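Data block below; observations after.
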């Protein structure tokens, strides 16, 4: 096997996952939140591919393709929501959505 | 020599990955964040290639970076100035908590790897030439993972319908 | 005969239940008739049983009839059973007979009162409870009846529940009776521990054949005596009886003269086997009786309320009964119980007619000269007073002198002291009874009397009148329903003592002796000797009262003695200081130091704590999307650690 072994792949995936989580919780713009979510999904893709290479089965990559498809669908709906925000003249700020307050 | 090259490219791609990731969450302007994410996706594609996942890498570039991110850029362009929001804010504990939780998850994965996996991840199997080829992936999708394949297609259909519905103009709202 | 006895027990209960369940659907007079009828039906049942038992052989007269097993645990069994024997039959006849007359009298007396139906239900209930007491076939049923009569007494004393004095008197009676109930219960626990049963046969056999140790017998007898003292208002638990006069007059007649207060005497006669195994306690009861005779007698000399004089007289006469039971003269104790029921009920009911006629007035200083205004009542009262004083040939003479002569036959220091006490008591009885008689009936009619003597109906505000009271001179004193029972009781008080004529004819004593063998029997000579002295002393007392009345002064001159007597020897003040005040202080301290801070405070704290916790938990619902995301991510982080550690 050439290059770094699986541990390195998973480490990079973990770092990306952490960065993505921080972004989701930290940022107030829904667009950036969506982007951070994408980072998290990609991190899991990387881990999947790394393990697939380790065990020499292609199932990991198949799973990664599915994840990619689902991520695309989710982005589609998420962006639709954001556009709906602007249609209703609402601010693009996640902190203004406080209906659940109680 | 081959190994050395692989290592160099791998390190460079990994660094690019991480730095663009940090950049995504740091920029105020969502446009710059989206561009940074494209860079992230590209470096990930390089990593995929180095891991013998050729088809996944291609799909990553074509679908993710090509279609999804373009969609993102379209929406950001459409929103224009309205897309600007305060960088962060809100309660102190929230901001602090974000970093702490991110770091915690990271550490946990590292620790889990170190303690549980141990040295198991060092040696891998030998890979055949057609390891990550579309033929292999297609074969699995249509035999072992047929259900996943079908469900994924339904999810995509639902998302398309949802996108259309969300984008529809209802009669009441656009009179202003 | 057994059927008759069960009928006697259950008829008043049925009457009480019927009135209670019918509520306001029946008229007031219907309730009165149901109550009176049920008690007289009980009397019929008792009479039938009596006639049958009287015809039996002396040795066969005890009948125990069991209905079912009430309480059955391994090692201890109590059945619902009634005992029909001469003693219980005597009590049954007195209770239902005199009780029936009194309930009938109440029909006229209580007419027009608010809540009449409640009164009649309570009266029937009381008769049932008293019958349960005397007919109970084991000590536990006796205790049940004991408690129920205490309850009935409380309900009836406090009948006028808007009056705070009545409510306080009811509470006082109940609490003092509860002391007696407690000592009795303790005695019973000891009996169960030592003999394993509360049946009469088992317990009395254990007592008489010596299998109870003397300390056990003493303790049990003391417990029983405590109950008897409380129920019969003897010293030191006597202070409730004068206050109990707050109840309606028929209640005073039935409960606090004729029946309930004599329950203590019945108890001692019934459990005489235990007392005979503890002779010291038995003599103690005689001494307590003797002391009460004197104390009650002197206090009666200074009372101004007509009912209270009669109440203290009751206390004193029951002292005679305790004296008799204490020296073992059970026959005479029961005999005096019977004659006392007659003449004391007569006195109370006549007093009731007077009170009713004078629109509720009970102070004898405002009465006077009623002899001409109410001749029938005057005659009845005079008969009762003479019987009480013990003038022959009326009933009280035969019974009271029998007791004093039994004391003489007892002999010894105890016997002779009791003889002296009994004779002094006779003197006092004559004095206070006839002081009352002269003040009420003789002299010039007072203003109050003149107001009310224009006829029973004019300006009368004490309830409605019976229509019959308006017609005819003979009925002007009150309605027929009140006059007839008084007439019957007058006859009984006059001739009721003739069932025991020493040396000639003593059927009553033989009747009782079969159950409770007397320890002393006076000779005929002793009987007549004491009779002569007692009658002479009673006559002397009457003469003293007459002289004092003629001179317009009181028998007890003003001064320290009179003040002490007017304060009833300061017993109430003593109990207040020793028991009531400390109890209140303790209760208040408990309230301020424990109840409010700890109990109430903790409840308040729990409420406030829950509320605070809720408010704090509600703060989780910030509404901020990002905080929810943070919580989810943090939970995942924690769960990862958990899963890693668990594996």
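Mind listing just one residue for me: the one in the range A:21-32 that is facing another protein chain (nearest Cβ under 7 Å) and part of a helix (DSSP H, G or I) and, of those, farthest from residue B:117 (Cα to Cα)?
The extreme case among them is A:31.
Among C:101, C:21, which is modelled with pLDDT of 90 or more and out of contact with any helix residue (DSSP H, G or I) (no Cβ under 9 Å at 6 or more places or on another chain)?
Testing whether each residue is modelled with pLDDT of 90 or more and out of contact with any helix residue (DSSP H, G or I) (no Cβ under 9 Å at 6 or more places or on another chain) leaves just C:21.
Restricting attention to the range C:165-201, and to residues there that are touching a strand residue (DSSP E or B) at 6+ places or on another chain (Cβ under 9 Å) and assigned to a helix (DSSP H, G or I), which single residue is farthest from residue C:144 (Cα to Cα)?
For the range C:165-201, the residue satisfying everything is C:201.
Does residue C:375 satisfy the criteria of being at pLDDT below 90 and within 18 Å of residue C:487 (Cα to Cα)?
Yes; evaluated as a whole, the condition is true for this residue.
Just give me the residues in the range C:289-302 being over 19 Å from residue C:542 (Cα atoms) and buried (at least 24 other Cβ atoms within 10 Å of the Cβ), in sequence order.
C:289, C:290, C:292
Can you tell which of B:22, B:6, B:46, B:56 is within 8 Å of chain A (Cβ to nearest Cβ), within 15 Å of the chain's Cα centre (by Cα) and surrounded by fewer than 23 Cβ atoms within 10 Å (Cβ to Cβ)?
B:22
Taking residue C:553 as meeting all but one of (1) more than 30 Å from residue C:274 (Cα to Cα); (2) within 31 Å of the chain's Cα centre (by Cα); (3) loosely packed, with under 14 Cβ neighbours inside 10 Å, write down the number of the exception.
If we test residue C:553 against (1) more than 30 Å from residue C:274 (Cα to Cα); (2) within 31 Å of the chain's Cα centre (by Cα); (3) loosely packed, with under 14 Cβ neighbours inside 10 Å, just (2) comes out false.
I'm checking my understanding of the structure. Among residues of the range A:33-70 that are surrounded by fewer than 18 Cβ atoms within 10 Å (Cβ to Cβ) and outside any helix (DSSP H, G or I), which one is farthest from the other protein chains (Cβ to nearest Cβ)?
Checked the range A:33-70; the qualifying residue farthest from the other protein chains (Cβ to nearest Cβ) is A:57.
Can you tell me which condition residue A:16 does not meet? The list is (1) more than 14 Å from chain C (Cβ to nearest Cβ); (2) out of contact with any helix residue (DSSP H, G or I) (no Cβ under 6 Å at 6 or more places or on another chain); (3) surrounded by 17 or more Cβ atoms within 10 Å (Cβ to Cβ); (4) closer than 29 Å to residue C:626 by Cβ, and all the others hold.
Of (1) more than 14 Å from chain C (Cβ to nearest Cβ); (2) out of contact with any helix residue (DSSP H, G or I) (no Cβ under 6 Å at 6 or more places or on another chain); (3) surrounded by 17 or more Cβ atoms within 10 Å (Cβ to Cβ); (4) closer than 29 Å to residue C:626 by Cβ, only one is false for residue A:16: (2).
If you scan the range C:55-82, which residues turn out to be without any contact (Cβ under 8 Å) to a residue 24 or more places away in the chain and part of a helix (DSSP H, G or I)?
C:60, the sole residue that qualifies.
Whether any residue in the range C:464-475 is modelled with pLDDT of 90 or more, in the same structural domain as residue C:551 (by TED's automatic domain parsing) and crowded, with 17+ Cβ neighbours inside 10 Å is what I want to check.
No; the residues of the range C:464-475 include none that is modelled with pLDDT of 90 or more, in the same structural domain as residue C:551 (by TED's automatic domain parsing) and crowded, with 17+ Cβ neighbours inside 10 Å.
How about the range A:71-99: which of its residues are without any contact (Cβ under 8 Å) to a residue 24 or more places away in the chain and at the interface with chain B (Cβ under 7 Å from one of its Cβ atoms)?
Within the range A:71-99, A:72, A:73, A:76, A:77, A:80, A:83, A:84, A:86, A:87, A:88 meet the criteria.
Here are some residues: B:102, B:132. Which one is under 21 Å from the mean Cα position of the chain (by Cα), crowded, with 17+ Cβ neighbours inside 10 Å and at pLDDT below 90?
So the residue among B:102, B:132 that is under 21 Å from the mean Cα position of the chain (by Cα), crowded, with 17+ Cβ neighbours inside 10 Å and at pLDDT below 90 is B:132.
Go through the range B:105-116 and give me each residue that's more than 8 Å from chain A (Cβ to nearest Cβ) and surrounded by fewer than 18 Cβ atoms within 10 Å (Cβ to Cβ).
Those that are more than 8 Å from chain A (Cβ to nearest Cβ) and surrounded by fewer than 18 Cβ atoms within 10 Å (Cβ to Cβ): B:107, B:111, B:112, B:114, B:115, B:116.
Looking at the structure I just gave you, is residue C:605 on the phi < 0 side of the Ramachandran plot, surrounded by fewer than 14 Cβ atoms within 10 Å (Cβ to Cβ) and more than 45 Å from the chain's Cα centre (by Cα)?
Here the answer is yes, as residue C:605 does meet what is asked.
Conditions: (1) under 30 Å from residue C:509 (Cβ atoms); (2) surrounded by 16 or more Cβ atoms within 10 Å (Cβ to Cβ). Residue C:55 meets all but one. Number of the miss?
So the condition that residue C:55 fails would be (2).
Does residue C:631 count as under 28 Å from residue A:99 (Cβ atoms) and either in a helix (DSSP H, G or I) or in the same structural domain as residue C:368 (by TED's automatic domain parsing) (or both)?
Answer is yes for this residue.
For the range C:588-628, enumerate the residues that are touching a helix residue (DSSP H, G or I) at 6+ places or on another chain (Cβ under 8 Å) and part of a helix (DSSP H, G or I).
C:625, C:626, C:627
How many of the residues making up the range C:280-302 are part of a helix (DSSP H, G or I) and closer than 26 Å to residue C:437 by Cα?
12
The values are calculated or read from the model by the stated rules, or taken from the named source; none is laboratory data. Since the model is a prediction, treat every value here as computed from it, not as a measurement. Don't worry about glycine lacking a Cβ; one is built from the backbone with ideal geometry, like all the others, and counts go over all protein chains shown.
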